[in-house]
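Read through the structure below, which is laid out as structure tokens, and then see the notes.
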Amino acid sequence: MPKIFIDNTSYEVKAGKNVLEACLTLGFDLPYFCWHPAMGSVGACRQCAVKVYKDENDTSGKIIMSCMEGVRDGMHLSIDDKAAKAFREQVIEWLMTNHPHDCPVCDEGGSCHLQDMTVMTGHDYRRYDYKKRTYVNQYLGPFIHHEMNRCIQCYRCVRFYKDYAGGKDLNVFAAHNHVYFGREKDGTLESPFSGNLAEVCPTGVFTDKTLRQHYTRKWDLTSAPSVCQHCSVGCNTIAGERYGGLRNIVNRYNAEVNGYFLCDRGRFGYEFVNSENRITKPQVMHQAVDENALMHHLETVLTNHSLIGIGSPRASMESNFALLDLVGKENFFCGVYNEEMMLERRITDILDSGKIPVASLKQIEDADAVVILGEDIWNTAPMMALAVRQSVMKTGGREATEKTPMPEWHELAVKELQQNTKGFMVNVTVTETSLDEIASLNINAAPDDIARLGFAIANHIHPSLELKNFEEAVLAKAKTIADELLKCSNPVIITGTSCYNDPVLRAAFDIAAALKAAGKAPAIAFVVPECNSMGLAMMRGHAFDTAVRRVNREPNVTAVILEQDLYRNLPAGIVDEFLSKCRNIIVLDSLNNATTEKAHVLIPASTFAEGDGTLISYEGRAQRYYQVYVPDNKYIRESWKWLSRMKMIISGKANGHDPHHDSVISSLETALRQFAGISAAAPSSGFSIHGEQIPREPHRYSGRTAMLANRNVSEPKPVADGDSPLSFTMEGYQGTPPSSAIPFFWKPGWNSPQAVNKYQQEIGGDLIGGNPGVRLFVKSSGNMPEFFKDYPEHFRERQNKWLLLPQSHVFGSDELSVYSAGIAGRSPEPYMGLSPVDAKMLDVTEGSQVTIKSEKEEYSFPVKIVESLRNGIVLVSKGLPGTQGMSWGNWVELAK
Amino acid sequence: MQHLTNRAKPVDRKPMTALEKLYLWNIAKGMWITLKHIFKRKATINFPEQRREFSPVFRGLQVLNRDAEGRENCTACGLCAVACPAEAITMEAAERQPGEEHLYREEKYAAKYEINMLRCIFCGLCEEACPKDAVYLSETFAPSNYQRKGFIYGKEDLLIPHPKLEPEAYQQALGTRAKRQEKASSN
């Protein structure tokens, strides 16, 4: 480890880092703007100047930009040097000459990196007395507010948007002292990662437009660590509340998962919590009732009937387990159709065997080759697509710097060397995707053919099966891919359930297994549909079909349906049949939907913001989300609390109290062995530091004695939280909390999200105390994995039948996020994709309506001709209005 | 015993004469002092008909200020609330819509602004924190009230009268502040 001397004190630092990173890691406060830990250095802002000396005898030294200088052993530098300090102060004075100083109206105020750095450098008086340059702002869509006057030209926005996230419609224009960051003309920022601009921008040029609708300063938010609910990746978020409404979602750093960024679906999809459509009161036969009446009614409904439970892929582990506990293992079903269930079971079986490790997003970023089989991750797991992009770019950078050594953080230089060199990435999907542009090889094929290609690749790497009836072209492609993969050391194979095709999953496993047999360190990632699909699959309940058979057989059934709209994921005919056969239907959910309409007893459940829970992400990572605030409506409670109450009613032990989170999670651990260790995902509710809880509110929280005074002048006692070590107040432990319970990032002098620097072991590295979450799939050593040998026949078109497959959309395919107006506005109109040949055969053109006929349902959509689509497949937008309950993966008829 | 000061005055213990025992001179002397006060200025005033002028540093009820055209100065930045040691201020920001430029001076305004006067300690830190000259402590104090909820002052209680629509009430609400401001600007 190199030793450097900062102001004559010696420190050990990590080699290969730049001086700025080293200083920040050591805890020094050194101002910076353009450098970003995820994006490296470009040396644009001149803010991080320090003085470097030749040796210990040099007294004059010279000023350098610390972000542009690598650490060297024996380096002498000074942060406190007078000239360096004066330089930094002068730079910020320049930057501030044109800054409008409009902090009172600026949304960034209070979490502004520019404010922090200005205070840090000591620039406190404005000497520039002339006119400031001004710009015309642009309309950038529903998510991002633009205020160009505040710009300090650090270039972070375009570096993130274009270079990091691959966006095309944000750029820098003009020159000199009037450069402009924006779009060519007004319009929505197209990238699904645009929301990160609000955090990347060190000042208030790009701010969260949804927060603006109900603006609250960072210091006034009651926040809690949360986990994103809108896909299976499980990004860590911080949710903030004030006046009983959820105000915003910001990133919560987790080095292994989402790092510094979030996708727009996750960041802006929170409005469903504040929706008008929330279920607010318990209902019995569509009549609102109070708690006593509800409990009384539940007693009659729950006893003397046989109970079945329908678990939900979007409810927490606690809620699903409480349901299982209520109805018993053999009566626990998943709200998932048999086909999908089998896929998820296959995934859990593969991961459970532990032969091939699951790739975290960080591992995907660090992978030197990526193979995507049949999953449009850009739309089903956007952050994973961003990670794949980093893998491709970083691998390209590494290749380019092999001959000309250049540290990784030296971004511009690496890019210059790299030019268009990219890492190896194969994107094998049903149709074209947004990741195609960075892929080394794009293949569009039908699911079975994707699987066959996968098996062929695996066979090339490690001959394990006899390939029959394989086309030469497929074998040739497989050989090229296999040869490339054999050059890599830690490739990642990504696949998922979107193809509704089991062989694809097996093929992905075979590739990984073959690579392992070839001495590589492969990892695999399976994208599943919802935020807790993996958790539900791990519970190994029966599929919904079994539940339907059960109610057909048994007349006296009370069904408890947990947090899901059955009509969304299952064909309406089957759900109707199921519900009509149930004697009693108890539904717990947070929002009204088609299933809650049919409920005999409807119980309001909390969303992620009003309750505690644990979700299991695609990588089997159990992550805890905490209640953000106590809703005014006392009926809104976690489903697991309601379900435990029901259990008490049945057992006759009702005492009017809710169980605590700790007890639920520990019974889950004992009851289901596959979840052993899940309680380590978060500290228990009794956890405290020096006898203090962790405050959800910053110490500057304002208005405590006035906020509720309009309702009641007497101040109520703060609500105690029996479920977590967090308190609903501003009092408590002010130091660094455990990494899984960080309600907000703040350190003295660091009000902006960049305060995360102070929570990391090293800059851009793991959080102090390790990254949040527990991975439940344990790696097993031992034998080599067994290969799957049964590859499918190749895809054959059928007469007058089409294979129905989903086309996911970042905006629109998710059930809850579309309650946000911005996301609803960006979701496309549902359409049906057909190959040109099929369209011609059906004699339809772009836009003409075509009806899909499955067993019982009929759907009609306008046609979109998709060039890249194979014949015999019909693609339909997933999850959009009018596409509920489609039987994906089945053969359907089409009619004009 | 040694005296601590040199101001010790020996008491005259000479017995009083008969004339002195009548106290006539002393009574006259006292009456003269009383008589003298009849012609002096009174120390009290007839409140509430008469009101005293406040000291220039007096801190009374908060006022939400308007500019000369009657637009609200407050941009709901939240600095008064965060400065308040009693945590007695709360507000909700809203965005100015096109067409509301005559109502609010800047692009944001306080849709709700409430002070809990039972909690307020009239320290003036809100006024000090305000970057927009939007809140200041006036020369009136909170009147008594029959109910506690009457002390939760909202925007309608705090806003200064409109300078153009109600110029007299505006001047009155401004109090000596106008003069002080003039003085400050002339300096």
How many residues of the stretch B:153-169 are surrounded by 14 or more Cβ atoms within 10 Å (Cβ to Cβ), assigned to a loop (DSSP other than H, G, I, E, B) and free of Cβ contacts under 8 Å to residues at least 60 places away in the same chain? The answer is 2
I'm trying to understand the selection: among the residues of the stretch A:545-564, which are open to solvent by less than 20 Å² (accessible area, probe 1.4 Å) and more than 14 Å from residue A:323 (Cβ to Cβ)? A:548, A:551, A:557
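Might you let me know whether the stretch A:520-528 holds any residue that is in a loop (DSSP other than H, G, I, E, B), over 30 Å from the mean Cα position of the chain (by Cα) and free of Cβ contacts under 8 Å to residues at least 60 places away in the same chain? Break it down stepwise before answering.
In the first step, residues of the stretch A:520-528 are kept if they are in a loop (DSSP other than H, G, I, E, B); the result is A:520-522, A:528.
Then keep just the ones that are over 30 Å from the mean Cα position of the chain (by Cα); that gives none.
No, the stretch A:520-528 contains no residue that is in a loop (DSSP other than H, G, I, E, B), over 30 Å from the mean Cα position of the chain (by Cα) and free of Cβ contacts under 8 Å to residues at least 60 places away in the same chain.
Check B:72, B:87 and return the single one that is of a type in the set (Asp, Glu), within 22 Å of the chain's Cα centre (by Cα) and within 14 Å of another protein chain (Cβ to nearest Cβ).
Values: B:72 fails: within 22 Å of the chain's Cα centre (by Cα).
That would be B:87, the only listed residue that is of a type in the set (Asp, Glu), within 22 Å of the chain's Cα centre (by Cα) and within 14 Å of another protein chain (Cβ to nearest Cβ).
Which of the residues that make up the stretch B:140-152 are assigned to a loop (DSSP other than H, G, I, E, B) and at the interface with chain A (Cβ under 9 Å from one of its Cβ atoms)?
We begin by selecting, within the stretch B:140-152, every residue assigned to a loop (DSSP other than H, G, I, E, B); these are B:140-147.
Answer for the stretch B:140-152, where residues must be assigned to a loop (DSSP other than H, G, I, E, B) and at the interface with chain A (Cβ under 9 Å from one of its Cβ atoms): just B:147.
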Among (1) out of contact with any Gly (no Cβ under 8 Å at 6 or more places or on another chain); (2) within 29 Å of residue A:340 (Cα to Cα); (3) touching a residue at least 12 places away in the same chain (Cβ under 8 Å), which single condition is residue A:483 missing? (2)
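Quick check: anything in the stretch A:160-177 within 14 Å of chain B (Cβ to nearest Cβ) and farther than 21 Å from residue A:383 by Cβ? It would help to see each step written out before you state the result.
Looking only at the stretch A:160-177, we keep the residues that are within 14 Å of chain B (Cβ to nearest Cβ), and these are none.
So far as the stretch A:160-177 goes, no, none of its residues is within 14 Å of chain B (Cβ to nearest Cβ) and farther than 21 Å from residue A:383 by Cβ.
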Of all residues being of a type in the set (Asp, Glu) and more than 29 Å from residue A:269 (Cβ to Cβ) in the stretch A:784-814, which is surrounded by the most Cβ atoms within 10 Å (Cβ to Cβ)? Just the residue, please. A:797
Which listed residue is out of contact with any Gly (no Cβ under 9 Å at 6 or more places or on another chain) and within 27 Å of residue A:261 (Cα to Cα), from A:432, A:365, A:375, A:437: A:432
Mind listing whichever residues of the stretch A:230-252 are hydroxyl-bearing (Ser, Thr, Tyr) and either more than 26 Å from residue A:529 (Cβ to Cβ) or assigned by TED's automatic domain parsing to the domain that holds residue A:624 (or both)? A:243
Evaluate the stretch A:67-76: report whether one residue or more is in contact with a Lys or Arg (Cβ under 7 Å, 6 or more places away or on another chain), away from chain B (no Cβ under 14 Å) and open to solvent by less than 10 Å² (accessible area, probe 1.4 Å). no
Is there a residue in the stretch A:465-488 that is under 30 Å from residue A:258 (Cβ atoms), small (Gly, Ala, Ser) and either under 30 Å from the mean Cα position of the chain (by Cα) or modelled with pLDDT of 90 or more (or both)? no
Among the residues of the stretch A:740-750 satisfying the criterion of being open to solvent by 10 Å² or more (accessible area, probe 1.4 Å) and closer than 24 Å to residue A:625 by Cβ, which is nearest to the chain's Cα centre (by Cα)? A:740
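Considering each of A:235, A:231 in turn, give the residue that is under 20 Å from residue A:817 (Cβ atoms), surrounded by 24 or more Cβ atoms within 10 Å (Cβ to Cβ) and in contact with a Gly (Cβ under 7 Å, 6 or more places away or on another chain).
On the way: A:231 fails: in contact with a Gly (Cβ under 7 Å, 6 or more places away or on another chain).
Sole residue among the options that is under 20 Å from residue A:817 (Cβ atoms), surrounded by 24 or more Cβ atoms within 10 Å (Cβ to Cβ) and in contact with a Gly (Cβ under 7 Å, 6 or more places away or on another chain): A:235.
Which one is surrounded by the most Cβ atoms within 10 Å (Cβ to Cβ), of the residues in the stretch A:110-123 that are within 14 Å of another protein chain (Cβ to nearest Cβ) and assigned to a loop (DSSP other than H, G, I, E, B)? Lay out the reasoning, then the answer.
So the first thing to find is which residues in the stretch A:110-123 are within 14 Å of another protein chain (Cβ to nearest Cβ), and the list is A:110-112, A:115.
Checking which are assigned to a loop (DSSP other than H, G, I, E, B) leaves us with A:110-112.
Details: A:110: 22, A:111: 26, A:112: 23.
My answer is A:111.
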Of the numbered conditions (1) touching a Phe, Trp or Tyr at 6+ places or on another chain (Cβ under 7 Å); (2) within 11 Å of another protein chain (Cβ to nearest Cβ), residue B:137 satisfies every one except a single condition; which is it? (2)
Within the set of pairs 6+ apart or on separate chains, which have a first residue in the stretch A:86-109 that is within 14 Å of chain B (Cβ to nearest Cβ), a second that is part of a loop (DSSP other than H, G, I, E, B) and of a type in the set (S, T, N, Q), and C-beta atoms under 9 Å apart? A:100/A:134; A:102/B:75; A:104/B:75; A:105/B:75; A:106/A:203; A:108/A:203; A:108/A:752
Scope the stretch A:704-729; condition open to solvent by less than 20 Å² (accessible area, probe 1.4 Å) and more than 9 Å from chain B (Cβ to nearest Cβ); matching residues: A:721, A:723, A:724, A:725, A:726, A:727
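Would you mind listing the strands (runs of 3 or more DSSP E) fully within the stretch A:554-630 where at least 2 residues are closer than 29 Å to residue A:696 by Cα and of a type outside the set (Asp, Glu)? Steps first, answer last, please.
On the way: elements: A:557-562, A:584-589, A:601-604, A:613-616, A:621-625.
Filter on the stretch A:554-630 gives A:601-604, A:613-616, A:621-625.
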Odd one out for residue A:781 among (1) open to solvent by 30 Å² or more (accessible area, probe 1.4 Å); (2) among the small types (Gly, Ala, Ser); (3) in a helix (DSSP H, G or I): (3)
Members of the stretch B:90-122 that are under 23 Å from residue A:112 (Cβ atoms), of a type in the set (A, V, I, L, M, F, W, C) and at the interface with chain A (Cβ under 9 Å from one of its Cβ atoms): B:91, B:93, B:94
When you scan the stretch A:838-854, do you find a residue that is outside the structural domain of residue A:312 (by TED's automatic domain parsing), open to solvent by less than 50 Å² (accessible area, probe 1.4 Å) and closer than 30 Å to residue A:266 by Cα, even just one? no
Of the residues B:122, B:54, which is surrounded by 10 or more Cβ atoms within 10 Å (Cβ to Cβ), touching a residue at least 40 places away in the same chain (Cβ under 8 Å) and farther than 27 Å from residue A:104 by Cα? B:54
Quick check on my filter: what residues within the stretch A:847-878 are modelled with pLDDT under 90 and assigned to a loop (DSSP other than H, G, I, E, B)? A:847, A:848, A:854, A:855, A:856, A:857
Any residue in the stretch A:20-43 that is of a type in the set (Val, Ile, Thr), under 13 Å from residue A:409 (Cβ atoms) and open to solvent by less than 10 Å² (accessible area, probe 1.4 Å)? no
Qualifying positions in the stretch A:666-703 - more than 14 Å from every other protein chain (Cβ to nearest Cβ), in contact with a Gly (Cβ under 8 Å, 6 or more places away or on another chain) and either assigned to a loop (DSSP other than H, G, I, E, B) or farther than 30 Å from residue A:329 by Cα (or both): A:685, A:689, A:692, A:693, A:694, A:695
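The values are calculated or read from the model by the stated rules, or taken from the named source; none is laboratory data. Everything quoted here is computed from the prediction, not taken from an experiment. For neighbour counting, all protein chains shown are included, and Cβ atoms are generated from backbone atoms with ideal geometry for every residue, glycine included. Only protein heavy atoms, including side chains, enter the accessible area calculation; ligands, DNA and RNA are left aside. Shrake-Rupley method; radii C 1.70, N 1.55, O 1.52, S 1.80 Å.
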